[in-house]
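Every number here is computed from the coordinates shown, using simple stated rules; none is lab data. Keep in mind that this is a model prediction, so the values were computed, not measured. Ideal geometry is used to build each Cβ from the backbone, glycine not excepted, and the neighbour counts take in all protein chains shown.
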Amino acid sequence: MKSALELAMEKADEAVGGAEGIRLSDEQKAAIDEVRKTYEAKWAEQEISLKGELEKAAGADPAAWAEAQSQVQTQMHRVREQLFAERDAKIEAIRNP
C-alpha cells in the first residue's frame, strides 16, 4: 500500500508530463533566467522608488504618515503583482513556444 506522500508525488509527476517531466533546452533555460533577473531588477527599482515616497512622508504627523504608508503598501502590492504576472507570462511563452 502506498503512502499519501507517494500518491501525491505520482500525481505531481503526471501533472508535469510524466516521469520525464518538461525538458527545456539550454537556450530556454538561459532565456528564463534572464527574464527572472530582469523582472527582479524591475521590482527592486520600483520598491526603492516607493519606499522613497514613504520616507518623504515620514516627517508628517502620525495620521498622515499612517495613511501614506497604507497607500504605498497598496501600490507596492499592485506593482509587484503586475510585474510578476508579466514575468510569469513571458516565462510561460518561453516554455511553450
>> Treating the chain as a set of equal point scatterers at the Cα positions, no solvent, please give the Debye-formula log₁₀ I(q)/I(0) at q = 0.11, 0.23, 0.24 Å⁻¹.
In response: -0.58, -1.09, -1.13
>> If R₀ is 30 angstrom, what is the calculated FRET efficiency for the pair I48 and A85, using the beta carbon separation as r and rounding to 0.05?
In response: 0.90
